[in-house]
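What follows is a set of notes on a single structure, which appears directly below.
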Amino acid sequence: MKKTSALITGMALCAIPFCQAQDAAEHKPLTFLLTGASFAVPENGWFEIGCDDMGANAINKAVSGEAIYHTARRMDAGTFYDAAQLDTIDVFVIGHVHNQNVANEQWLKESWEDYTSIASTTDYSVAYDYVIKRYIADCKALKDNPESKYYGTADGKPVKIMFCTHWHDSRTTYNPAIRKLAQKWGFPLIKFDDNIGFSRLDVAAGEDQPSRAYAHDTETINGVKYGWHPLRGDNSFIQRRMAQIFVEEAASYLGLSVPFDYTLSPCSPLVMKGETARMLVNFRGGHYPFEVKDWASDGIKACPYFLEVSNVQADTEFSVPGIIDAKGSEAASGASKASVLLADMAVPSSYDSFVHQAEQSKGHADAQTLDLKNGDGWSRRIYLTFPLDGIPDDAERIGIRLYYESVVPGKLNNENRPLNGIEELRLEGNTSTYTANLTWDNHHSHKFEYVGSTPLSQDMLNSYVGWDVTDFVKSKAAEGAKQVSFRVSTPYKWRALSRFTASESTSAPEHAPMMLIAEKRGGTSSVGSLDASASLRADGTTLYNPCGTKVVLYNALGAVAMVSSASEIDLSLLVPGVYVAASGAETLKILVRGR
């Protein structure tokens, strides 16, 4: 098999769990609980990424706009957690980082029970003290709870608390105070400010503070303008850097070993001849920035980047020579190579549409885009159908793909806080038939089975995203199915509206949904040896096929209208209309006119 090798040209980052932080007694993943405000809400990403990297469960109870005294009030009311949930929590992370003195001992009490007005307090030091003492007391009380796994123990549940600094060193009141508090209690401190990679002290006169480059808004402290809310999303460098700092401190605290590795996954498992093949590199663990062996770079910070090979003429193998993090550790990976195959056949969809939650009784089979979103009452899901006629039983690889043409980023609570996350595109399949009458009201009528998932980032705009559907298609074909249908959905996470090109598109019909097939590989790729002069060409009612290769003609519904290997194919036998001729990696749209 003729292959093209690809040296690394970039990286892509996704959060994927790969090691298990475990409760040694029960061999269950550990659970981290986070409280905080706007820097800690799930839309940021650092806490969830870090927990994923440790193989731990994440419970995020941060609320934008709140303060530590809101957590204290919920604890006082008994609504922050119940005994059953407390039983599952292994580490309590406190991420309230307002620029207040949280170490003032003037109004502190001996016991949490001595705080009689906690329901109305706005004192940050008092609230911190109450939250800490109340959590310790609640953990100890589990020894007397017959429903708790700590029932009958001497001291109840072991208390593990972690504090956080602000994400950089601008908050000159809070950061020193939380250090005093950490020293007082003996709990570890997640030092974002010391390890984030820049400092307010590094700025020359007249220069902008470096934190502004990583934030989407600003705040002024002591007359200096700093970055306020960091750029959000699990593909944001700053969130991933914070996740690494969190993981390192948690691993040290808990005695965990968190390895550094990566995986490779194609953006689309097959491409057409002359297109660009792209591969995602998914990092897990390690410390930014990354470097690649034998490749000069300024350090990899942004995500996602791509491994790319343009103008593909044959199956393409991607190879990563090795990745080193900022501390000199080399990533261990069993997946340092992966391939994108060149398609021998291309089958257009016979049906594509989407359903819209806000337009419950309306069909969208004639829309020029396929819309995908989840959440806020505006969810949308995509439906696709492909015929199975002419697909080889021994195909090497079968994939379907969509062209990502535009996106409307999500916002947090309708505020201008963009969310740049990594969507999970979930693919499910069946053999049902769909029509223009498919709507949100009736789209649940058919059962689907899970086929696979693929990541989608806004950095993948203007390119193809695809799924390997080989096993699913072969199994349905073996059962006698004449077509397969797919549903694309995404979990409620980033709330972005993503749009993909539909087969009805008038602006870019060449980007319509497609099923690509690579025939069984033996020796040299059947496509890689084709001469450029062997292209299909239509002239009047004749389709010229210089190489005599198999040509499949599909009608506008995606059904096979003709299969021929003749060097000159007579089109006059076809019903007038639009057809797609597919041979090898070539496709040619043809208009057959009536006599």
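Residue-by-condition table, conditions (1) among the small types (Gly, Ala, Ser); (2) touching a residue at least 40 places away in the same chain (Cβ under 8 Å):
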| residue | (1), (2) |
| --- | --- |
| Phe47 | no, yes |
| Asp53 | no, yes |
| Asn57 | no, no |
| Ala62 | yes, no |
| His70 | no, no |
| Ala77 | yes, yes |
| Asp82 | no, no |
| Ile94 | no, yes |
| Ser117 | yes, no |
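Considering segment 173-201, and only residues there that are assigned to a loop (DSSP other than H, G, I, E, B) and either out of contact with any helix residue (DSSP H, G or I) (no Cβ under 7 Å at 6 or more places or on another chain) or basic (Lys, Arg) (or both), the residue that is surrounded by the fewest Cβ atoms within 10 Å (Cβ to Cβ) turns out to be Gly186. Of all the residues in segment 131-172, those that are in a helix (DSSP H, G or I) and closer than 20 Å to Thr31 by Cα number 12. Contact map, segment 360-380: residues that are among the charged types (D, E, K, R) paired with residues that are assigned to a loop (DSSP other than H, G, I, E, B) and open to solvent by less than 20 Å² (accessible area, probe 1.4 Å), Cβ distance under 9 Å, separation 6+ or inter-chain. Pairs shown: Lys362/Thr439; Asp366/Ala502; Asp371/His364; Lys373/Ser379; Lys373/Thr490; Lys373/Ala496; Arg380/His364.
Would you say Arg401 is closer than 30 Å to Lys482 by Cβ, over 23 Å from the mean Cα position of the chain (by Cα), crowded, with 16+ Cβ neighbours inside 10 Å and among the basic types (Lys, Arg)? No; evaluated as a whole, the condition is false for this residue.
Every listed requirement among (1) part of a strand (DSSP E or B); (2) in contact with a Leu (Cβ under 6 Å, 6 or more places away or on another chain) is met by Thr263 save one, (2). Screening segment 366-387 for residues that are of a type in the set (A, V, I, L, M, F, W, C) and modelled with pLDDT of 95 or more and picking the one that is nearest to Met515 (Cα to Cα) gives Phe386. Within the set Asn430, Asn420, the sole residue that is in contact with a Pro (Cβ under 7 Å, 6 or more places away or on another chain) and of a type outside the set (Phe, Trp, Tyr) turns out to be Asn420. The set of residues from segment 483-510 being modelled with pLDDT under 95 and of a type outside the set (S, T, N, Q) comprises Pro491, Tyr492, Lys493, Trp494, Arg495, Ala496, Leu497, Glu504, Ala508, Pro509, Glu510. When segment 6-41 is filtered for residues that are modelled with pLDDT of 90 or more and in contact with an Asp or Glu (Cβ under 6 Å, 6 or more places away or on another chain), the ones remaining, listed by number, are Leu30, Thr31, Ala37. Only a single item in (1) within 17 Å of Thr454 (Cα to Cα); (2) assigned to a loop (DSSP other than H, G, I, E, B) is not met by Leu280, and it is number (2). Exactly one residue among Ala346, Ala338 is of a type outside the set (Val, Ile, Thr), closer than 22 Å to Ala477 by Cα and open to solvent by less than 30 Å² (accessible area, probe 1.4 Å), and that residue is Ala346. Arg426 satisfies every condition listed in (1) of a type in the set (Lys, Arg); (2) surrounded by fewer than 18 Cβ atoms within 10 Å (Cβ to Cβ); (3) at pLDDT 95 or above except (2).
One residue alone among Ser252, Ser268, Ser257, Ser211 is polar (S, T, N, Q), at pLDDT 90 or above and in a loop (DSSP other than H, G, I, E, B), and that residue is Ser268.
The one condition from (1) part of a helix (DSSP H, G or I); (2) at pLDDT 95 or above; (3) surrounded by fewer than 18 Cβ atoms within 10 Å (Cβ to Cβ) that Tyr128 does not meet is (3). Restricting attention to segment 553-578, which residues are modelled with pLDDT under 80 and within 23 Å of Leu342 (Cβ to Cβ)? Within segment 553-578, Tyr554, Gly558, Val560, Val563, Ser565 qualify.
Residue count for segment 30-63, restricted to those that are more than 14 Å from Glu249 (Cβ to Cβ), in contact with a Gly (Cβ under 6 Å, 6 or more places away or on another chain), of a type in the set (A, V, I, L, M, F, W, C) and open to solvent by less than 10 Å² (accessible area, probe 1.4 Å): 1.
Do the conditions hold for Leu388, that is, is it crowded, with 24+ Cβ neighbours inside 10 Å and out of contact with any His (no Cβ under 7 Å at 6 or more places or on another chain)? Spelling it out, it is not the case that Leu388 is crowded, with 24+ Cβ neighbours inside 10 Å and out of contact with any His (no Cβ under 7 Å at 6 or more places or on another chain). Considering (1) open to solvent by 60 Å² or more (accessible area, probe 1.4 Å); (2) at pLDDT 95 or above, the lone condition that Thr439 does not fulfil carries the number (1). None of Ser498, Ser485, Ser505 is assigned to a loop (DSSP other than H, G, I, E, B) and within 28 Å of the chain's Cα centre (by Cα) except Ser505.
Residue by residue through segment 85-115, note down the ones that are among the hydroxyl-bearing types (Ser, Thr, Tyr) and surrounded by 14 or more Cβ atoms within 10 Å (Cβ to Cβ).
Across segment 85-115, the qualifying residues are Thr88, Tyr115.
Kindly provide the set of residues from segment 202-225 that are over 24 Å from the mean Cα position of the chain (by Cα) and surrounded by 17 or more Cβ atoms within 10 Å (Cβ to Cβ), ordered by number. Listed by number, the residues that qualify are Gln209, Pro210, Ser211. The condition of being touching a strand residue (DSSP E or B) at 6+ places or on another chain (Cβ under 7 Å), of a type in the set (S, T, N, Q) and assigned to a strand (DSSP E or B) holds for only one of Thr385, Thr439, that being Thr385. Considering only segment 226-242, I want to know if a residue exists there that is among the hydrophobic types (A, V, I, L, M, F, W, C), at pLDDT 90 or above and either within 30 Å of Pro158 (Cα to Cα) or crowded, with 23+ Cβ neighbours inside 10 Å (or both). Yes, segment 226-242 has at least one match. The set of residues in segment 283-296 that are part of a loop (DSSP other than H, G, I, E, B), at pLDDT 80 or above and open to solvent by 40 Å² or more (accessible area, probe 1.4 Å) contains only Pro289.
The values are calculated or read from the model by the stated rules, or taken from the named source; none is laboratory data. In this text, all values refer to a predicted model and were calculated from it rather than measured experimentally. Note that we place each Cβ from the backbone using ideal geometry, even for glycine, and neighbour counts take in every protein chain shown. Please note that ligands, DNA and RNA were not included when accessible areas were found on the heavy atoms of the full protein model with its side chains. Shrake-Rupley method; radii C 1.70, N 1.55, O 1.52, S 1.80 Å.
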